[in-house]
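A quick write-up on the structure given underneath.
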Amino acid sequence: MKRLKAVAAIMITLSFLLSSAVVLNFFLAHNKGDTQKNLAIANHVYDSIYGEIMNPLMVSKTMAYDTFLQELLAREESLSEKEISKIIGDYLGLLKEKFNYSSVFVVSERTRRYYNESGILKVLNPQKVPYDIWYPIFIDGEKEYDLDTDRDQANDYLWTVFINIKIRDKNGELLGVCGVGVIMDRLQSLITELEDENDIKINLIDLEGLVQVDTNSTNIENAYISEAVLDKAKSDTFTISRKGLSGLRMVRFMKDLEWYVVVHGIIEKDTVSKKMFLLLFFLLALTLAIFFLVAKFFIKEKLIIPEDTLEDPLTGLPNRNYFKEAYGEMGVFTTTRYKTIAFFDVDNFENMSESMNSDLILKNIIQFSNAIFWDKGQLLRWDKDGFLALLETNLQESKENFQALCQKTYTELGITLSVGVVDINLSDTIKVNYYRAVQACYSVKESGGNGVLDRAQ
């Protein structure tokens with residue numbers, strides 16, 4: 001009897017599948033025109049934004065490859081501050097005037113001088129100025145150029161998209177960094193025009209889904225569109241995903257910039273299309289219900305656990321995505337639970353012998369850390385060998401605990417750590433508190449590593 005019921009259910013399922021296929025074909029044919037129209041709009045958006053950002057990127061690359069600028073930086077210290085300031089200032093001033101950028105700059109690796117059209121604006125000091133930490137982070141990274149959305153200190157702290165590119169001599173030695181800044185208002189005006197013209201919403205997001213460009217400035221580096229990253233869009237065309245019954249999300253990867261263009265809110269206004277979609281949805285839902293009814297006679301139910309993208313798979317710790325989802329970056333701490341924030345990483349991790357098991361080293365370090373900090377705060381894996389800690393202990397106790405961790409790691413593994421631990425200043429943004437901890441960590445590294453540096457507010 002059960003077998004007969006199963007056969008009957010299969011027949012019903014097949015009939016519904018056939019009906020659904022017919023409806024689906026009609027639906028797809030009916031909406032082909034709408035899809036092509038949406039793709040045309042999205043491609044127009046992509047081309048407009050891509051061109052607006054690629055132009056300053058090409059200007060930055062031209063600066064980096066300019067032998068005149070390379071030779072100036074190579075003999076920078078043979079000229080007086082007044083001479084070098086005027087020469088580079090005039091050079092940058094011409095570029096700024098020609099292309100109408102909000103910022104054109106050069107940073108010397110040798111002297112850490114920051115030049116703009118006025119000459120020497122300042123000397124970068126990541127030890128004392130949190131915003132200057134961008135420079136050592138960038139030059140220590142693998143990328144030759146990147147885009148960074150930040151507030152421009154030289155331009156009333158306005159939101160600006162900076163294009164940073166490394167300057168190297170003919171032997172590949174780093175001479176410094178140059179680039180341009182495009183004030184956010186310029187991009188926002190373009191995007192506002194495109195949104196109003198096409199009744200859509202546009203965002204530019206980074207590889208982690210963090211919003212980098214939005215017409216609403218409060219969303220910049222504060223809001224996430226994580227689901228767009230999961231679309232796994234490529235650079236040659238847009239992916240299309242439905243949002244509810246009448247909207248679409250279209251995503252395309254900007255390969256040269258490593259950002260995504262997200263176009264959402266394209267509304268299908270054809271009433272027949274909506275009705276056909278609802279009918280299709282009903283038929284498919286009913287078909288799936290019958291299918292699972294039949295499947296109970298033949299297979300055991302299995303539970304598939306979705307991957308948790310907020311957890312580091314190697315260590316089991318919360319990761320950077322979790323931190324940003326939980327706390328954001330531009331916001332402030334809303335609790336007094338945590339007293340200190342620390343950043344630490346493994347010294348010379350990239351140069352370790354291939355015979356050393358880096359995964360095992362990291363797992364052991366986490367095991368040691370948990371033994372010391374397990375009831376005193378929260379530990380997160382930040383990047384390849386970097387970790388962030390939010391601790392309930394005061395500055396002195398946190399420092400002593402990290403000194404114990406450094407000693408344990410060196411004794412057991414022969415590995416040294418660089419640690420920066422600072423008091424949390426509740427009046428500063430989370431990003432500034434994080435930068436202060438990273439600054440302290442970099443100070444230890446510049447002194448040879450293997451140590452703990454603490455800083456009060």
Problem - Pairs beyond 19 Å (Cα-Cα), from LYS399/LYS431; LYS61/LYS143; LYS376/LYS399; LYS399/LYS445 - result: LYS399/LYS431
Exercise for the section: Anything over 22 Å Cα to Cα? Flag those among LYS86/LYS122; LYS170/LYS384; LYS201/LYS232, in the order listed. Expected result: LYS170/LYS384
Exercise for the section: Determine which aspartates and glutamates satisfy two conditions relative to LYS98: a Cα distance under 18 Å, and not lying fewer than 8 residues away in the same chain. Expected result: GLU52, ASP66, ASP90, GLU117
Problem - For the stretch 329-349 and the stretch 73-99, distance of Cα centres in Å - result: 38
Exercise for the section: Using only protein heavy atoms and a 1.4 Å probe, report how much of GLU109 is accessible, in Å² to the nearest 10. Expected result: 60
Completion exercise
Given all pairs of distinct Cα atoms, the stretch 366-457 yields a Kirkwood Rh in Å of 13.4
Practice task
Search the structure for amide H atoms under 5 Å from the amide H of ILE424, placed 1.01 Å from N in the peptide plane, and list their residues when 5 or more places away or on another chain.
Solution key: THR340, ILE341
Fill in the blank from the handout: Counting sequence-distant residues (5 or more places) and residues on other chains, those with an amide H built under 5 Å from that of ASP347 are THR416, LEU417, SER418
Handout entry: Placed amide H near VAL213: partners under 5 Å, 5+ positions off or other chain
Key = LEU204
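The values are calculated or read from the model by the stated rules, or taken from the named source; none is laboratory data. These numbers come from a predicted model, not from an experiment. Keep in mind that these areas ignore ligands, DNA and RNA; they rest on the heavy atoms of the full protein, side chains included. Shrake-Rupley method; radii C 1.70, N 1.55, O 1.52, S 1.80 Å.
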